[in-house]
Amino acid sequence: MIRQILGVIVGYAIFVITSLFFFKFSEVNPHEVASKFFMVLTFVYGNVFSFISGLVAQLIAKTKSLKVNYVLFVIMAGFATFSLFMSGGSSWTQLLAIFVFSPVSILGGLFWIKRSRQ
């Protein structure tokens, strides 16, 4: 159980920390409208690190089910939904997190489970 909790925490930390670094170094406010190019770049970057967060959560938890990834999904989508309702301005980053990045974290876990069965 401790490994599963730690997996979720580390998986979420990977997603959050890499997102913070991305917006900090790009000097783009995530709650303002961005260029189409930057939105596509965010989409790609977010998918990569969401996948990695799901994979690492599964790696740490060492389970054969996606339960850890479903919890990670709920946390990612939950905080993004909370942010969506609480912040003003543009909501494109929260919508990506809810509808794209959260589900991709499940794919990262699924990839690890399928890979570890071989």
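The values are calculated or read from the model by the stated rules, or taken from the named source; none is laboratory data. These numbers were taken from a predicted model, which means no experiment stands behind them. Note: ideal-geometry Cβ built from the backbone for every residue, glycine included; neighbour counts use all protein chains shown. Just so you know, the surface numbers come from the protein's heavy atoms only, side chains and all, with ligands and any DNA or RNA stripped out. Shrake-Rupley method; radii C 1.70, N 1.55, O 1.52, S 1.80 Å.
Brief remarks on what is shown
- Among the candidates VAL48, VAL56, VAL100, VAL68, residue that is in a helix (DSSP H, G or I) and open to solvent by 40 Å² or more (accessible area, probe 1.4 Å): VAL48
- Only one entry in PHE73, PHE43 is part of a helix (DSSP H, G or I) and under 17 Å from PHE22 (Cβ atoms), namely PHE43.
- Being closer than 13 Å to TYR12 by Cα and either of a type in the set (Asp, Glu) or modelled with pLDDT of 95 or more (or both) is a property that GLN58 has.
- Subset of segment 67-89 that is in contact (Cβ under 8 Å) with a residue 40 or more places away in the chain and within 15 Å of the chain's Cα centre (by Cα) - its residue that is nearest to ASN29 (Cα to Cα): MET76
- Taken as a whole, segment 27-39 holds no residue that is modelled with pLDDT of 95 or more, open to solvent by less than 80 Å² (accessible area, probe 1.4 Å) and under 15 Å from the mean Cα position of the chain (by Cα).
- ILE52 being of a type outside the set (Asp, Glu) and free of Cβ contacts under 8 Å to residues at least 60 places away in the same chain: yes
- First in segment 14-28 and closer than 15 Å to PHE38 by Cβ, second anywhere and polar (S, T, N, Q) and in a helix (DSSP H, G or I), Cβ under 8 Å, 6 or more apart: PHE22/THR42
- Which numbered condition GLY7 misses (of (1) open to solvent by 80 Å² or more (accessible area, probe 1.4 Å); (2) more than 20 Å from LEU84 (Cα to Cα)): (1)
- Segment 103-118, residues that are small (Gly, Ala, Ser) and either surrounded by fewer than 19 Cβ atoms within 10 Å (Cβ to Cβ) or more than 17 Å from SER53 (Cβ to Cβ) (or both): SER116
- Evaluation of GLY88 against (1) surrounded by 14 or more Cβ atoms within 10 Å (Cβ to Cβ); (2) assigned to a loop (DSSP other than H, G, I, E, B) (one fails), failing number: (1)
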